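Read-outs throughout are calculated quantities, based only on the coordinates presented, and are distinct from any laboratory measurement. All figures in this text were calculated on a predicted structure; none of them were measured in a lab. So basically every Cβ, Gly included, is an ideal-geometry build from the backbone, and we count neighbours across all protein chains shown.
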Amino acid sequence: MFGGDKNKPARPAAGVETLIGARVTLRGDLVFSGGLYVEGAIHGAVLAEEGAGDAVLTLAERGNIQGEVRAPHVIVNGQLSGDVYAGDRIELGPTARIQGNIYYKVIEMAAGAMVTGRMIHGDAPKQLPKPEAAPTKAARTADAEAAT
């Protein structure tokens, strides 16, 4: 009835399963799966569990993370100090403040968001090839003389 599908998962992919409240400070690394919503502070790495493709980290406006972040989908509205590795997508809200590099495939950035660091696209080459050196005048003259 009402178009329900029995093959759908029991919970939505973006649902919040874990909440770090505004009065909580967590010191140490955190590994999660599913939805993680941070209103408090985390001093340490925040890592999505390996193979947790539906993992979503949401950093609230008053939330604060000091450490590396690795997750498929990252939503930032608060302050983050550390590198961010968004496997699929990162969304930066108007109050987002990031000090660190962002590695992403898809980025959405609202007016007012601030990033102090580099934004590196996931499909970009690691290092650009070096340009070929242009032949010098002496080499061109030697090549011309050899041709005659």
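If packing is taken as the mean number of other Cβ atoms within 10 Å per residue, what is the order of 36-48, 71-83, highest first?
71-83, 36-48
Rounded, prolate or oblate: which fits the range 59-115, taking a ≥ b ≥ c as square roots of the Cα gyration tensor eigenvalues, rounded meaning a/c under 1.5, else prolate when a/b beats b/c?
oblate
Given R₀ = 25 Å, FRET efficiency for residue 120-residue 19 by Cβ-Cβ distance, to 0.05?
Computed FRET efficiency for residue 120 and residue 19 comes out at 0.25.
Given a Förster distance of 30 Å, report the FRET efficiency between residue 66 and residue 110 from their Cβ-Cβ distance, rounded to the nearest 0.05.
0.85
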